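Reviewing the structure listed below.
Only the coordinates and a few stated rules stand behind these numbers; no lab work does. Small disclaimer: the values here were computed from a predicted structure and weren't measured. Positions of Cβ are backbone-derived with ideal geometry, glycine not excepted, and every protein chain shown enters the neighbour counts.
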Amino acid sequence: MRYLGKRVVITGVPGVGKTTVINGTIEALGNEGVVYTSINFGTFMFDIASREGLVTDRDEMRKLDQDVQRRVQRLAAQGIARIEGNIIVDTHCTVRTPAGFLAGLPEWVLRELKPDIFVLVETDEDQILNRRLSDESRVRDREGYVGIRDHQQFNRSIAASYAMLSGCTVKIILNADFLLDNAVADMADVLR
Amino acid sequence: MRYLGKRVVITGVPGVGKTTVINGTIEALGNEGVVYTSINFGTFMFDIASREGLVTDRDEMRKLDQDVQRRVQRLAAQGIARIEGNIIVDTHCTVRTPAGFLAGLPEWVLRELKPDIFVLVETDEDQILNRRLSDESRVRDREGYVGIRDHQQFNRSIAASYAMLSGCTVKIILNADFLLDNAVADMADVLR
Amino acid sequence: MRYLGKRVVITGVPGVGKTTVINGTIEALGNEGVVYTSINFGTFMFDIASREGLVTDRDEMRKLDQDVQRRVQRLAAQGIARIEGNIIVDTHCTVRTPAGFLAGLPEWVLRELKPDIFVLVETDEDQILNRRLSDESRVRDREGYVGIRDHQQFNRSIAASYAMLSGCTVKIILNADFLLDNAVADMADVLR
């Protein structure tokens with residue numbers, strides 16, 4: 001008999017420290033015997049597209065036809081929904097593209113994935129700016145304070161529509177400078 | 001032949017004075033011969049669940065299985081939608097739970113209820129804080145200024161998604177200190 | 001064989017200068033050989049309703065039965081979706097009515113129209129106020145700074161739900177005083 005655990009989607013704008021919070025939470029909960037598997041939605045999509053011979057590297061993903069992209073998105077959501085146990089889906093609430101904000105969980109993903117909890121990891125825009133500036137390993141689109149603020153606000157708005165359509169709860173977790181332990185503790189409280 | 005009147009959903013965060021505004025408006029309109037029946041969504045759900053033998057007191061409602069809860073929610077929405085005449089549905093835009101904000105009118109409720117007008121009763125966060133502090137009769141979750149502000153903003157966002165899905169209008173009614181009469185007059189204008 | 005081009009919906013609150021930006025962008029892109037046809041959603045609806053003998057002038061549109069209005073809206077969306085080439089749909093994100101904000105693109109419009117890009121033309125509330133005050137040719141509902149701010153914010157929120165349902169991107173274009181050229185250039189970048 002299959003055991004479907006909690007379906008938690010975790011998102012946050014680039015530089016907010018989402019991955020650090022996820023890893024800290026999985027470790028903390030693991031110490032208590034609560035097991036979560038973390039799945040990266042983009043990687044899961046890429047694996048499907050590769051197996052189908054649609055792409056050979058990740059850069060090609062964005063160049064896929066819109067219809068094909070959406071079909072692969074849906075397949076990924078279906079596949080992830082079938083995974084047993086508690087899962088964390090690491091993805092984007094919205095992606096900033098040259099044509100504007102793109103939903104990370106459009107209707108066809110939500111209907112398959114059926115998340116229980118949707119998490120927005122947030123912090124002060126200025127802290128995000130500084131984290132981005134000091135992270136030299138990644139080339140990121142340059143964005144100012146207002147751009148980051150608008151992105152975080154837009155993410156809250158679209159998360160509300162995810163809650164309306166899927167019935168998931170929307171939890172905001174603050175990942176402030178010097179207080180990673182608090183973010184991990186808050187996240188663990190939600191996932192426990 | 002059935003007469004379906006206006007379907008108005010009225011919401012507001014705890015302490016905003018929603019019930020006072022509803023009662024004042026029903027009385028004011030009644031004096032003009034415009035009749036509205038006020039229905040509490042949670043009570044309507046509880047009555048269904050009790051009749052089905054699922055619960056014996058209201059605290060047990062929250063402990064119901066998610067699937068059962070959603071089925072009862074849908075049944076309540078169906079039942080309310082069949083009530084004749086003008087109705088006010090007194091409910092929550094979103095509920096703050098430990099796992100985050102939960103939609104008061106998820107898709108399966110909206111599709112049955114088909115509201116015409118969705119009202120958000122709002123006021124300044126500081127006024128809400130003070131009203132909560134002086135209301136000793138109720139034990140409420142403690143929340144600060146920022147928490148109340150975020151809740152009110154999230155409610156506006158999800159109300160927008162309710163408008164997209166159902167075609168209802170979204171009306172913001174201000175219930176400021178010392179100005180209850182204005183709130184009642186504004187509400188009566190919308191409901192008349 | 002039909003050629004379906006880009007489907008771009010452009011919106012903005014009254015006084016933001018949406019039409020000026022649209023006209024400038026169509027001209028600029030035309031000079032590069034990129035052709036867009038601009039369609040006014042309200043006019044398209046009115047033409048359908050007139051042909052059906054439902055109305056004789058535009059004022060009557062608002063007095064149509066809700067069911068009839070929604071049917072005509074859907075027909076308009078279907079008709080526009082069938083137009084070949086690149087199109088700009090000039091419409092409202094939400095309309096401020098006495099009963100509250102009304103969605104310009106409710107579900108039944110989005111499912112037919114299937115927009116690729118949804119644009120919000122915005123600017124500082126004070127600039128909008130001043131533009132409205134100096135435009136004596138139009139009688140517009142009087143609204144203050146806070147009313148305009150709330151309207152623009154509500155538009156962003158509902159645009160997020162449009163993105164969730166349809167998969168369109170949401171692009172914010174700033175049309176600031178003295179900087180129309182920038183707005184046109186930004187819009188052209190998105191539409192090119």
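Given R₀ = 51 Å, what would the calculated FRET efficiency be for residue B:39 paired with residue C:32, taking r from the Cβ atoms and rounding to 0.05?
Working: r = 59 Å, r/R0 = 1.15.
Working from the Cβ atoms, E equals 0.30.
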Worksheet entry | Inter-chain Cβ neighbour average for residues C:91-98, partner chain, 10 Å | 2
Worksheet item: Across peptide C:101-108, how many C-beta atoms of other chains are within 10 Å of each residue C-beta, on average?
Response: 5
Worksheet item: So for A:47, B:181, C:186, C:150, fewest C-beta neighbours within 10 Å to most, what's the order?
Response: B:181, A:47, C:150, C:186
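Counting each DSSP H run of 4 or more residues in the protein assembly as shown as -39500 (n - 2.57), what helix-only mean residue ellipticity at 222 nm follows after dividing by all residues, to the nearest 500 deg cm²/dmol?
Numbers: 21 runs with 276 residues, N = 576.
Mean residue ellipticity, 222 nm, calculated: -15000 deg cm²/dmol.
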Worksheet item: Any idea how far apart residue A:133 and residue B:111 come out in nm if each label point goes 7 Å out from Cα toward Cβ?
Response: 5.0
Worksheet item: So which chymotrypsin sites (Phe, Trp or Tyr not before Pro) in the stretch C:1-95 are both in a DSSP loop and have at most 11 other Cβ atoms within 10 Å of their Cβ?
Response: C:3
Item to complete: Express in whole angstrom the spacing between the alpha-carbon centres of the stretch C:83-101 and the stretch B:70-106.
Response: 29
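Specify whether the C-alpha gyration tensor of the stretch C:1-138 places it in the rounded, prolate or oblate class, a ≥ b ≥ c being the square roots of the eigenvalues: rounded for a/c under 1.5, otherwise prolate if a/b is larger than b/c and oblate if not. Mind showing how you got there, number by number?
Details: a/c = 1.74, a/b = 1.03, b/c = 1.68.
Since a/c reaches 1.5 but b/c is at least a/b, the shape of the stretch C:1-138 is classed as oblate.
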Worksheet item: Roughly how many Å is it from the Cα centre of the stretch A:30-46 to that of the stretch A:112-165, as a whole number?
Response: 20
Worksheet item: Once you put a point 7 Å from the Cα of residue A:51 and another 7 Å from the Cα of residue A:68, both along the Cβ direction, what distance in nm separates them?
Response: 1.8
Worksheet, complete the sentence: Classified through the alpha carbon gyration tensor (a ≥ b ≥ c as square roots of its eigenvalues; rounded if a/c is under 1.5, else prolate when a/b is larger than b/c, else oblate), the protein assembly as shown comes out rounded
Practice prompt. May I ask you to sort A:87, C:172 by Cβ crowding, counting other Cβ atoms within 10 Å and putting the fewest first?
Written response: C:172, A:87
Worksheet entry | Order of A:180, A:54, C:120 - criterion: other Cβ atoms within 10 Å of each residue's Cβ, fewest first | A:180, A:54, C:120
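Kindly provide the trypsin sites (Lys or Arg not before Pro) of the stretch A:1-110 that DSSP labels as loop, not H, G, I, E or B, and whose Cβ sees at most 16 other Cβ atoms within 10 Å.
On the way: sites: A:2, A:6, A:7, A:18, A:51, A:58, A:62, A:63, A:70, A:71, A:74, A:82, A:96; in loops: A:2, A:82.
When the trypsin sites (Lys or Arg not before Pro) of the stretch A:1-110 are filtered for loop state and at most 16 Cβ neighbours within 10 Å, A:2, A:82 remain.
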Worksheet item: Which shape class applies to the stretch A:128-183: rounded if a/c is under 1.5, otherwise prolate when a/b exceeds b/c and oblate if not, where a ≥ b ≥ c are the square roots of the Cα gyration tensor eigenvalues?
Response: oblate
Discussion item. Within 10 Å of each Cβ in C:169-179, how many Cβ atoms from other chains are there, averaged over the peptide?
Written reply: 3
Discussion item. Assume the label is 7 Å from Cα along Cα to beta carbon: what separations in nm does residue B:30 have to the matching positions in the other copies?
Written reply: 6.3, 6.3
